[in-house]
Amino acid sequence: MGVIRKTQALEILLAEFENDSGAISAKELIKRLDSQMNKTTIYRVLEKLEDDGVLHSFLGNSGIKWYAKCNGCSKSRHIDVHPHFQCIDCGKVDCLNISMKIPELSGREVVASQILIQGKCEVCSA
């Protein structure tokens, strides 16, 4: 991790991702951490963690930004090219541990791609 200073805000935010194996929305983090820090600090730390390759972000079905832990990324290179699954009943969001090949587009350079699959999770479909 390229984070230079380990601030209290950074430690609190990282703990949220250690305690939660799925993705967490920025909106949910603001609600959870309201008594500990303001939303500006939360967004600033999330941006820093994403820049450092600790977290990756993507947009959910309602346009809300979600964050999840990276796996093997670094400050200079994000390699989390995978789809995400969002349950249409309970709203749970997970990273899908399957690889995806982003097609090469003639005359264009793809720098990011987001794939969101929606359906019912294992709990809601039972």
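The values are calculated or read from the model by the stated rules, or taken from the named source; none is laboratory data. As the structure is a prediction and not an experimental result, all values here were calculated from the model. Counting neighbours? That spans all protein chains shown, and the Cβs are built from the backbone with ideal geometry, glycine included. The accessibility values were calculated without ligands, DNA or RNA, using every heavy atom of the protein model including side chains. Shrake-Rupley method; radii C 1.70, N 1.55, O 1.52, S 1.80 Å.
The GluC sites (Glu not before Pro) of segment 19-126 meeting both criteria, a DSSP state outside H, G, I, E and B (loop) and at most 13 other C-beta atoms within 10 angstrom of the site's C-beta, are Glu104, Glu109, Glu122.
If you sort Ile42, Ile117, Ile12 by accessible surface, 1.4 Å probe, largest first, the order is Ile117, Ile12, Ile42. Within the chain, what is the longest stretch that has no trypsin sites (Lys or Arg not before Pro) placed in a DSSP loop and near at most 10 other beta-carbon atoms within 10 Å? Result for the longest clean stretch: 7-76. On the beta carbon distance between Val81 and Ser35, with R0 = 41 Å, the FRET formula returns roughly 0.65.
Among Gly72, Gly107, Gly53, the largest mean-square fluctuation in a Gaussian network model of the chain, built with springs joining Cα atoms closer than 10 Å, belongs to Gly107.
If R0 is taken as 25 Å, the Cβ-Cβ distance between Lys65 and Ser125 corresponds to a FRET efficiency of 0.45.
Here are some values of P(r) over Cα pairs in 5 Å bins from 0, in percent: (1) 2, 13, 19, 20, 19, 14, 8, 4, 1, 0; (2) 2, 11, 18, 24, 21, 13, 7, 3, 1; (3) 2, 10, 19, 21, 20, 14, 8, 4, 1, 0. Which one was computed from this structure? It is the value labelled (3).
Pop out the carbon and sulfur fraction of the accessible area of segment 8-119 as a percent, whole number, probe 1.4 Å. Percent of accessible area from carbon and sulfur atoms in segment 8-119: 47.
Over the chain, dividing the summed -39,500 (n - 2.57) contributions of all DSSP H runs of at least 4 residues by the number of residues returns a 222 nm mean residue ellipticity of -7500 deg cm²/dmol.
Solvent exposure of segment 8-119, expressed per residue, is 63 Å² of accessible area, with all protein chains present and a 1.4 angstrom probe. With springs connecting C-alpha atoms under 10 Å apart, model the chain as a Gaussian network and identify which of Ala68, Ala15, Ala26 has the largest mean-square fluctuation. Sorting by GNM fluctuation, first place goes to Ala15.
Think of the chain as a dipole: +1 on every Lys or Arg Cβ, -1 on every Asp or Glu Cβ, centred on the Cα centre; then among Pro83, Leu46, His56, Leu46 lies furthest on the positive end. Placing +1 on each Lys and Arg Cβ and -1 on each Asp and Glu Cβ, with no other charges, gives segment 8-119 a dipole about its Cα centre of roughly 200 debye. Put a dot 7 Å past the Cα of Leu96, heading toward its Cβ, do the same for Val111, and the two dots end up 2.7 nm apart.
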